[in-house]
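Peer 1: Questions regarding the structure given below will be posed in turn.
The values are calculated or read from the model by the stated rules, or taken from the named source; none is laboratory data. Treat the numbers as computed from the prediction; the structure is a model and nothing was measured. Cβ placement follows ideal geometry from the backbone for every residue including glycine, while neighbour counts extend to all protein chains displayed. Each accessible area value is taken on the protein alone, full model and side chains, heavy atoms only, with ligands, DNA and RNA left out. Shrake-Rupley method; radii C 1.70, N 1.55, O 1.52, S 1.80 Å.
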Amino acid sequence: MAAKVSGSVLVTGANRGIGLEVVRQLSESPCPPTHIFAGCRDPHGPGAKALRELAQKHPQKITTLRLDQTDQATISEAARQVGSALKGAGLNLLINNAGINQAANSNTVPVGNLAHTGEKEMTEVFLTNTVGPMIVTKEFLPYLRQAASLPGVSPSEMSCRRAAVVNVSTLFSSIQRCHELFLQAPMYPYRVSKAALNMLTRCLSEDLKSDGILVMALHPGWVQTDMGGPQAPLSTEDSVRGMLSVISSLSEQHVGSLLDWEGRSIPW
Ligand SMILES: NC(=O)c1ccc[n+]([C@@H]2O[C@H](COP(=O)([O-])OP(=O)(O)OC[C@H]3O[C@@H](n4cnc5c(N)ncnc54)[C@H](OP(=O)(O)O)[C@@H]3O)[C@@H](O)[C@H]2O)c1
């Protein structure tokens, strides 16, 4: 199914990997959103060249923003800029995509194993992957609420066309499936921070459903990005095509769910 994402969208971590591909596919879709806000840590730096080029191709569609999700001041300033650009129209979809894994210490040490993980690694990854999406959602909430309450939207509709928050999680967050997946990738900070992101997703979904805002978590698959590595089986194009199809078809039954890029449910 082609992506049907209308209204306005904010994507974090939009300068590379999955985030950049989300912005690319949305901007080139036959029925693109009204506007795409592409947040990244350094929109003027060398790491955002591809995003700047995309934004230059679609100047009416894409606005790049400085947004470091571990830096409250940049999140507040990005929210202020988005709010003033929206002119009361509200934000329909927030994709909390930005995230980190712990860097490998060497080629032989598995990333995030117990021996090489301490307070610093746990804290850094938790701040980015869990606290970051919470603060970003909180700062943009007034605009999501605005979109959800606009006249013409049915009060019972839950969808990305009304108002939704999609937290990009991972299969490695699944507590139930940890026994079968742990040895291939110990990744203590990453797994723990994303399992906490799932709980954040459930809390927000309960909290915001009376506002008409749908909150869910989405696993993009194992994808060829800097994080996923070149051996990953999925291209960013295929993963994001699947993710956008899932996002397009979200409804009330998906409130508080954890799905993969093909729409399959993942056990908590
Ligand atoms: N690739 C996979 O196989 C896979 C599998 C499951 C889940 N995921 C999830 O998918 C999401 C995207 O991953 P990816 O594979 O595209 O990773 P990636 O290629 O490493 O890109 C990560 C993105 O997050 C941004 N980012 C990191 N810390 C940030 C911060 N503090 N504030 C704002 N942006 C920040 C990076 O920006 P900079 O360029 O500034 O560093 C970059 O744009 C992540 O949440 C990841 O956990 C990926």
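Peer 1: Give me the net charge of Thr70's neighbourhood, meaning all other residues with Cβ under 15 Å from the Cβ of Thr70; Lys, Arg count +1, Asp, Glu -1.
Peer 2: -3
Peer 1: Would you please give the FRET efficiency between Glu53 and Ser265, computed as 1/(1 + (r/R0)^6) with r the Cβ-Cβ distance and R0 = 45 Å, to the nearest 0.05?
Peer 2: After rounding to 0.05, the efficiency reads 0.75.
Peer 1: Using a Gaussian network model on the chain with a 10 Å cutoff between Cα atoms, which of Ala98, Ala217, Ala232 fluctuates the most?
Peer 2: Ala232
Peer 1: Then there's this: Amide H to amide H under 5 Å from Leu150: which residues, 5+ apart in sequence or cross-chain, H placed 1.01 Å off N in plane?
Peer 2: Those lying under 5 Å, H to H, from Leu150: there are none.
Peer 1: Tally up the carbon and sulfur contribution to the accessible surface of the chain as a whole percent, 1.4 Å probe, everything protein left in place.
Peer 2: 55
Peer 1: Figure the gain on full extension for Glu119 and Gln253 (residue separation times 0.36 nm, minus the Cα-Cα span) and round it to one decimal in nm. List each step's numbers first, then the result.
Peer 2: Values: separation 134, 0.36 × 134 = 48.24 nm, distance 3.81 nm.
Taking Glu119 through Gln253 to full extension adds about 44.4 nm, to one decimal.
Peer 1: Just to be sure I understand the model, the point goes 7 Å from the Cα along the line to the Cβ. What's the resulting Ser235 to Asp42 distance in nm?
Peer 2: For Ser235 paired with Asp42, the spin-label model returns 2.9 nm.
Peer 1: On a 0 to 90 degree scale, rounded to 10, what angle separates helix 72-86 from the longest Cα axis of the chain?
Peer 2: Orientation of helix 72-86: about 30 degrees from the principal axis.
Peer 1: I'd like to know which of Leu258, Pro46, Pro32 lies farthest towards the positive end of the charge dipole of the stretch 8-260, counting +1 on Cβ of Lys and Arg and -1 on Cβ of Asp and Glu.
Peer 2: Value computed over the given set: Pro32.
Peer 1: Please compute the net charge surrounding Pro233, taking Lys and Arg as +1 and Asp and Glu as -1 over other residues with Cβ under 14 Å from its Cβ.
Peer 2: -4
Peer 1: Name the residue, out of Ala85, Ala164, Ala195, whose mean-square fluctuation peaks in a Gaussian network model built on the chain with Cα pairs under 10 Å.
Peer 2: Among Ala85, Ala164, Ala195, the largest mean-square fluctuation in the Gaussian network model of the chain belongs to Ala85.
Peer 1: Could you tell me what a quarter of the Cα convex hull surface of the chain works out to, in nm² with one decimal place?
Peer 2: The number I arrive at for the chain is 13.7 nm².
Peer 1: Now a separate question. Each residue of the stretch 91-99 in order: what ³J(HN,Hα) in whole Hz does its phi give by Karplus 6.51 cos²θ - 1.76 cosθ + 1.60, θ = phi - 60°, with x for Gly and Pro?
Peer 2: Those phi angles translate into 9, 8, 9, 10, 10, 7, 9, 4, x Hz.
Peer 1: With respect to the cross-link table entries Lys138/Lys194; Lys87/Lys194; Lys4/Lys87; Lys57/Lys138; Lys49/Lys209; Lys120/Lys194, which display a Cα-Cα separation exceeding 28 Å?
Peer 2: Details: Lys138/Lys194 18 Å; Lys87/Lys194 34 Å; Lys4/Lys87 23 Å; Lys57/Lys138 31 Å; Lys49/Lys209 38 Å; Lys120/Lys194 17 Å.
Violating the 28 Å limit, Cα to Cα: Lys87/Lys194; Lys57/Lys138; Lys49/Lys209.
Peer 1: Sequence-distant or interchain residues sharing an amide H contact under 5 Å with His35, placed H: which?
Peer 2: Residues meeting the amide H criterion: Ser8, Val9.
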